[in-house]
Amino acid sequence: MKLILLGAPGSGKGTQAAYITDKYDLPHISTGDLFRENIKNKTPLGIKVKEIMDTGNLCPDDLTVELVKDRLNNPDCKNGYLLDGFPRDIPQAIALDEFAAPDVVIEIDVDLNKIEHRITGRRSCPKCGGSFHVDFIGNVDKCPTCGDKLIIRKDDNPETVKERLEVYQNQTAPLIEYYGKQGKLVKVNGDQPIEKVFEEVVKVLG
Ligand code: ADP
Ligand code: AMP
């Protein structure tokens with residue numbers, strides 16, 4: 001199965017991806033995580049995109065598409081993928097259609113007024129990719145899943161959130177219509193408890 005999770009930043013894509021990979025054994029590919037890994041390792045790509053990511057803008061399409069193309073060549077993708085955060089604009093979607101078109105696109109629909117709260121309370125684990133919220137885990141600094149140190153992402157601040165939401169509305173939201181026209185889009189209500197959202201996802205995936 002080739003699956004895309006679409007939704008605003010903070011809509012719960014990473015959270016649902018963890019549940020989905022567990023049940024459906026698909027490789028979770030988050031372009032945000034891939035970029036952050038490159039930044040951490042100070043690779044030429046990481047150096048190129050660091051400033052862009054810090055401000056909440058999109059990294060260049062050509063670099064992003066190459067990154068995904070490369071990752072999808074890994075043997076773990078032979079039976080499909082779970083893409084989280086890609087594609088993020090129409091040119092990326094057109095490129096993906098040329099080398100690995102998705103079967104289904106799940107849109108996690110969330111009231112955009114709730115996004116700032118979700119993102120500013122997010123705690124992330126760079127080691128296992130876990131995403132948590134202080135509302136649920138409190139102000140702890142150890143990852144509930146793997147025990148490593150939780151961090152606050154550099155772009156998870158109120159100023160950058162505003163920019164990222166604008167980018168979402170202008171560049172990413174048009175993908176809803178793009179995949180709708182292809183008959184591949186299914187919307188789930190992301191404004192409910194994590195387990196309930198996952199129940200809806202399971203209804204879609206079977
Ligand atoms: P994304 O990957 O779409 O950017 P995340 O999965 O990292 O979003 O979720 C963003 C924040 O919202 C995290 O702190 C996460 O714990 C929290 N969150 C995710 N799903 C829900 C939900 N259904 N209800 C409330 N909070 C949620
Ligand atoms: P995310 O982890 O999905 O919230 O992404 C964090 C940041 O990484 C975004 O704000 C962008 O700067 C960059 N990024 C992630 N995915 C993409 C993409 N598909 N295209 C361009 N930039 C991306």
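The values are calculated or read from the model by the stated rules, or taken from the named source; none is laboratory data. Note that the structure is a prediction, hence the values are computed from the model and not measured. Cβ: placed from backbone, ideal geometry, glycine included. Neighbour counts: every protein chain shown.
Could you look through region 59-70, keep only residues that are buried (at least 18 other Cβ atoms within 10 Å of the Cβ) and of a type outside the set (Ser, Thr, Tyr), and pick out the one that is nearest to Thr160 (Cα to Cα)? Walk me through it before giving the result.
The initial filter retains those residues of region 59-70 that are buried (at least 18 other Cβ atoms within 10 Å of the Cβ), namely 59, 64-65, 67-68.
Within this subset, residues satisfying the condition of being of a type outside the set (Ser, Thr, Tyr) are 59, 65, 67-68.
Numbers: Cys59: 15, Val65: 23, Leu67: 24, Val68: 24 Å.
Out of the qualifying residues, it is Cys59.
Consider only pairs whose beta carbons are under 6 Å apart and that are at least six residues apart or on different chains; among these, list those whose first residue lies in region 21-42 and is touching a residue at least 40 places away in the same chain (Cβ under 8 Å) and within 13 Å of Cys77 (Cα to Cα) and whose second residue is part of a helix (DSSP H, G or I) and not charged (D, E, K, R).
That search, which allows pairs on different chains as well, returns Pro27/Cys77; His28/Ala17; His28/Thr21.
Name the residues in region 28-47 that are within 16 Å of ligand 1 (Cβ to nearest atom) and either of a type outside the set (A, V, I, L, M, F, W, C) or closer than 19 Å to Met1 by Cβ (or both), would you?
His28, Ile29, Ser30, Thr31, Gly32, Asp33, Arg36, Glu37
If I go through region 170-203 residue by residue, how many of them are under 16 Å from Leu96 (Cβ atoms), under 16 Å from the mean Cα position of the chain (by Cα) and within 15 Å of ligand 2 (Cβ to nearest atom)?
Selection size over region 170-203: 3.
Given the options Val201, Val186, name the one that is assigned to a strand (DSSP E or B) and among the β-branched types (Val, Ile, Thr).
Numbers: Val201 fails: assigned to a strand (DSSP E or B).
Criteria check complete, one pass: Val186.
Given the criteria under 28 Å from Asp22 (Cβ atoms), more than 15 Å from ligand 2 (Cβ to nearest atom), out of contact with any helix residue (DSSP H, G or I) (no Cβ under 9 Å at 6 or more places or on another chain) and at pLDDT below 95, does Gly206 qualify?
Here the answer is yes, as Gly206 does meet what is asked.
Among the residues in region 48-58, are any modelled with pLDDT of 95 or more, in contact with a strand residue (DSSP E or B) (Cβ under 7 Å, 6 or more places away or on another chain) and either away from ligand 1 (no atom under 16 Å from the Cβ) or charged (D, E, K, R) (or both)?
No, region 48-58 has no match at all.
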